[in-house]
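These notes concern the structure reproduced below.
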Amino acid sequence: MNDASEVLEQPAVTADLVADYLAEHPDFFSQYTHLLEKLYVPHQRGTAVSLVERQTSLLRERNQQLHGHLSELIDAARYNDVQFEKTKRMVLALLEAWTLDDVAVAIEESLCRDFYGDETVLLLFSERSLESNSVRTLARAEDSLVQPLIETNLPSCGQLSEAMNRFLFQERSVKVQSAAVVPLVKGDTLGLLAIGSHDPNYFQSSQGTLFLSYVGEVLSRVICRILQEQDR
């Protein structure tokens with residue numbers, strides 16, 4: 001009776017138990033290779049393939065996925081290398097600038113040639129006329145329209161209001177469909193850098209602004225140095 005009751009109490013072998021056992025003993029089929037000839041895994045099209053063929057197919061799919069990820073990483077690295085070289089050229093040009101006109105030329109050449117902007121505006125806040133033909137000056141009492149752009153101290157991207165667009169880009173505003181505006185801050189707010197594009201989707205509110213912040217920091221330091229030299 002005891003032997004019979006023990007047999008009855010043994011758990012039934014289920015698919016889950018078999019699966020758990022195989023997971024814990026991945027070398028099982030290396031000891032029972034003859035079973036591989038009898039095992040089949042249904043194919044998506046309804047045909048049957050051996051377990052080895054199915055494993056080979058899975059490994060091939062994983063290899064293709066890894067190859068795709070590797071290609072994406074390589075493309076990203078190449079893109080970053082190109083961006084770094086463009087940024088380096090711009091920073092070196094700014095470091096060699098001795099006047100505000102030099103700064104304006106360096107910014108326009110870099111942002112329009114290398115970074116595909118269509119219009120650039122360098123606007124500085126000053127109560128006096130600055131020694132420049134390429135930089136606009138604005139008294140702080142007249143900055144109410146762009147005050148929302150200044151208060152954040154962070155770059156803004158997207159489509160500007162018609163009034164703000166016209167204020168920044170003036171006669172060129174008709175062509176500007178999207179823009180990035182970067183506050184220039186060095187202790188105090190020095191001004192704004194505005195970059196306009198004829199493409200309405202070139203600058204979008206959802207895009208990252210890390211590069212623009214970096215440009216603003218470098219430009220702010222260069223402009224602050226030039227203004228201090230002009231005051232001497």
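The values are calculated or read from the model by the stated rules, or taken from the named source; none is laboratory data. A quick note: this is a predicted structure, and the numbers were derived from the prediction, not measured. No Cβ is skipped: glycine too gets one built from the backbone with ideal geometry, and neighbour counts run over all protein chains shown. Calculation scope for accessible area: heavy atoms of the full protein, side chains included, ligands and nucleic acids excluded. Shrake-Rupley method; radii C 1.70, N 1.55, O 1.52, S 1.80 Å.
Averaging the Cα positions of each part gives two centres, and for segment 211-232 and segment 109-133 these lie 12 Å apart.
Carbon-plus-sulfur fraction of the accessible area of segment 109-150, 1.4 Å probe, in percent?
On the way: 970 of 2190 Å².
Taking all protein chains in place, segment 109-150 shows 44 percent carbon and sulfur surface.
Among beta bridges from DSSP that stay inside segment 83-232, the antiparallel ones total about 85%.
Measuring with a 1.4 angstrom probe and ignoring ligands and nucleic acids, Ile107 comes out at about 10 Å² accessible. Using a Gaussian network model of the chain in which every pair of alpha carbons under 10 angstrom is joined by a spring, one finds that among Gln55, Gln207, Gln170 the greatest mean-square fluctuation is at Gln55.
Indicate the gyration tensor shape class of segment 102-166 (rounded, prolate or oblate), computed on the Cα atoms with a ≥ b ≥ c the square roots of the eigenvalues: a/c under 1.5 is rounded; otherwise a/b larger than b/c is prolate and the rest oblate. All intermediate terms of the calculation are to be shown ahead of the outcome.
Details: a/c = 2.08, a/b = 1.12, b/c = 1.86.
Because a/c hits 1.5 or more and a/b fails to exceed b/c, segment 102-166 counts as oblate.
Taking θ as phi - 60° and the Karplus parameters 6.51, -1.76 and 1.60, the scalar couplings of segment 168-183 work out to 6, 9, 6, 5, 8, 5, 4, 8, 7, 9, 8, 7, 10, 10, 10, x Hz in sequence order, x denoting glycine and proline. Estimated at the nearest 10 Å², the accessible area of His69 is 110 Å² with a 1.4 Å probe.
If you rank Glu127, Glu119 by how much accessible surface each has, with a 1.4 Å probe, what is the order from largest down?
Details: Glu127 140, Glu119 25 Å².
From most accessible down to least: Glu127, Glu119.
Estimated from helices alone, the mean residue ellipticity of the chain at 222 nm is -15500 deg cm²/dmol (sum of -39500 (n - 2.57) over DSSP H runs with n ≥ 4, per residue). By how many degrees, 0 to 90 and rounded to 10, does the Cα axis of helix 51-95 deviate from the longest principal axis of the chain? Value to nearest ten degrees: 10.
Under a model in which nothing but the beta-carbon of Lys, Arg (+1) and Asp, Glu (-1) is charged, the chain shows a dipole of about 780 debye around its Cα centre.
Against the main long axis of the alpha-carbon atoms of the chain, helix 210-231 sits at an angle near 20°.
How high is the relative contact order of the chain? Use alpha-carbon pairs under 8 Å, at least six apart in sequence, and give a whole percent. It would help to have the intermediate numbers written out before the result.
Numbers: 257 pairs, mean separation 32.4, N = 232.
The normalised contact order for the chain reaches 14 percent.
For the set Arg172, Arg232, Arg221, the ranking by accessible area, highest first and with no ligand, DNA or RNA atoms included, is Arg232, Arg221, Arg172 under a 1.4 Å probe. In this view, the solvent-accessible surface of Arg54, computed with a 1.4 Å probe and all protein chains in place, comes to about 70 Å².
Considering the dipole of the chain built from charges on the beta carbon (Lys and Arg +1, Asp and Glu -1) around the Cα centre, which of Val82, Tyr32, Val13 is farthest to its positive end? The one lying farthest along the dipole's positive direction is Val82.
Taking every alpha-carbon pair in the chain and binning the separations at 5 Å intervals from zero gives 1, 5, 10, 13, 12, 9, 6, 4, 3, 3, 4, 5, 5, 6, 5, 4, 3, 2, 1, 1, 0, 0, 0 percent.
What net charge is computed for the residues neighbouring Ile195, neighbours being all others with C-beta under 9 Å from the C-beta of Ile195, Lys and Arg scored +1, Asp and Glu -1? Could the numbers behind the result be given before it?
On the way: positive: none; negative: Asp118, Glu119.
Taking every other residue near Ile195 into account, the sum is -2.
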